[in-house]
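> Can you keep this structure in mind? I'll have questions shortly.
The values are calculated or read from the model by the stated rules, or taken from the named source; none is laboratory data. These figures come from a predicted structure and were not determined experimentally. Positions of Cβ are generated from backbone atoms using ideal geometry, with glycine treated the same way; all protein chains shown enter the neighbour counts. The accessibility values were calculated without ligands, DNA or RNA, using every heavy atom of the protein model including side chains. Shrake-Rupley method; radii C 1.70, N 1.55, O 1.52, S 1.80 Å.
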Amino acid sequence: MIKMFNRKNSRLKRRRRIRGKISGTPNIPRLSVFRSNKNISAQVIDDVSGLTLASASSLKIEKGADVNAAKEVGTLVAKAASEKGITKVVFDRGGYLYHGRVKALAEAAREAGLKF
């Protein structure tokens, strides 16, 4: 029997593997990225209490989902996190490859002051 390659299931397996290794704490929360074809979003999450501390999305800036929108989302989430006093985070790429929009978001967040 030949197994069919399913891209979504592969991403979900990578996501579960990553989430098994990292977790956000109140001192060092998790920066989680979600990417779709039309938008990209990021959240700073405290996994101990289950709260979202800061978030940003390309829906708010209405710029689409290209690399430039990802950079802007990265700077927005970093500014929102720094307003709450968060400087260190653990980066969760959500099973996506660290390339393109995910990489642009991460680098923009680093430039805006987040450390990970």
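> Which of these, 27, 37, 68, has the largest mean-square fluctuation under a Gaussian network model of the chain (Cα springs below 10 Å)?
Most flexible of the set in this elastic network: 37.
> Among 87, 52, 9, flag the residue with its Cα farthest along the positive direction of the charge dipole of the chain, charges on Cβ as +1 for Lys/Arg and -1 for Asp/Glu.
The residue sitting farthest along the positive end of the dipole is 9.
> While we're on this one: Lys and Arg at +1, Asp and Glu at -1: add these up for the other residues within a Cβ distance under 9 Å of residue 102 and post the number. Write out the running numbers ahead of the final one.
On the way: positive: 35, 93, 101, 103; negative: none.
Overall, the nearby charge balance is +4.
> Nothing charged except the Cβ atoms of Lys and Arg (+1) and of Asp and Glu (-1): what's the magnitude of the dipole of the chain about its Cα centre? Round to the nearest 20 debye. Please report the intermediate quantities before stating the final value.
On the way: 25 positive and 9 negative charges, 158 e Å.
For this selection, approximately 760 debye.
> For helix 7-21, report the angle its Cα long axis makes with the longest principal axis of the Cα atoms of the chain; keep it between 0 and 90° and round to the nearest 10°.
Computed tilt is about 50 degrees.
> Kindly report, to the nearest 10 Å², the accessible surface of residue 116 as traced by a 1.4 Å probe over protein heavy atoms only.
Accessible area, nearest 10 Å²: 70 Å².
> As a test of the formula, what do you get for the chain when each DSSP H run with n ≥ 4 contributes -39,500 (n - 2.57) and the sum is divided by the residue count, at 222 nm and rounded to the nearest 500 deg cm²/dmol?
Numbers: 4 runs with 47 residues, N = 116.
Using -39500 (n - 2.57) per qualifying helix, the result is -12500 deg cm²/dmol.
> If one takes the longest principal axis of the Cα atoms in the chain, at what angle in degrees, from 0 to 90 and to the nearest 10, does the Cα axis of helix 101-111 lie?
Its long axis makes an angle of about 20 degrees.
> Report for the chain the percent antiparallel among DSSP-assigned beta bridges with both residues inside it, nearest 5. If you can, show how the numbers build up before the last one.
Working: 12 of 16 bridges.
Roughly 75 percent of the beta bridges in the chain run antiparallel, per DSSP.
> Further, regarding this structure: Taking the full set of protein chains and a 1.4 angstrom probe, give the accessible area of residue 79 in square angstrom, rounded to the nearest 10.
Surface open to solvent at residue 79 totals about 120 Å².
> While we're looking at this one, here's another question. So which GluC sites (Glu not before Pro) in the range 44-107 end up in coil per DSSP with only 13 or fewer other C-beta atoms within 10 Å? If you can, show how the numbers build up before the last one.
Details: sites: 62, 72, 83, 107; in loops: 62.
Passing sites in the range 44-107 are 62.
> Using Cα-Cα distances under 8 Å and only pairs 6 or more residues apart, what relative contact order does the range 38-116 have, in percent? List each step's numbers first, then the result.
Numbers: 125 pairs, mean separation 24.6, N = 79.
For the range 38-116, the relative contact order is 31 percent.
> Related question: In degrees, nearest 10, range 0 to 90: what is the angle between the Cα axis of helix 67-83 and the longest Cα principal axis of the chain?
50 degrees
> So, one more: Connecting C-alpha atoms closer than 10 Å in a GNM of the chain, tell me which of 14, 101, 30 has the biggest fluctuation.
14
> While we're here: Report the extension gain between residue 16 and residue 99 in nm, rounded to one decimal, defined as 0.36 nm multiplied by the number of residues separating them, less their alpha carbon distance.
Values: separation 83, 0.36 × 83 = 29.88 nm, distance 1.91 nm.
That works out to 28.0 nm of additional length.
> Given a cut-off of 21 Å, name the pairs among 38/71; 3/103; 8/115; 84/115 whose C-alpha atoms lie farther apart than that in the structure shown.
Details: 38/71 15 Å; 3/103 31 Å; 8/115 30 Å; 84/115 15 Å.
Cα-Cα > 21 Å for 3/103; 8/115; rest within.
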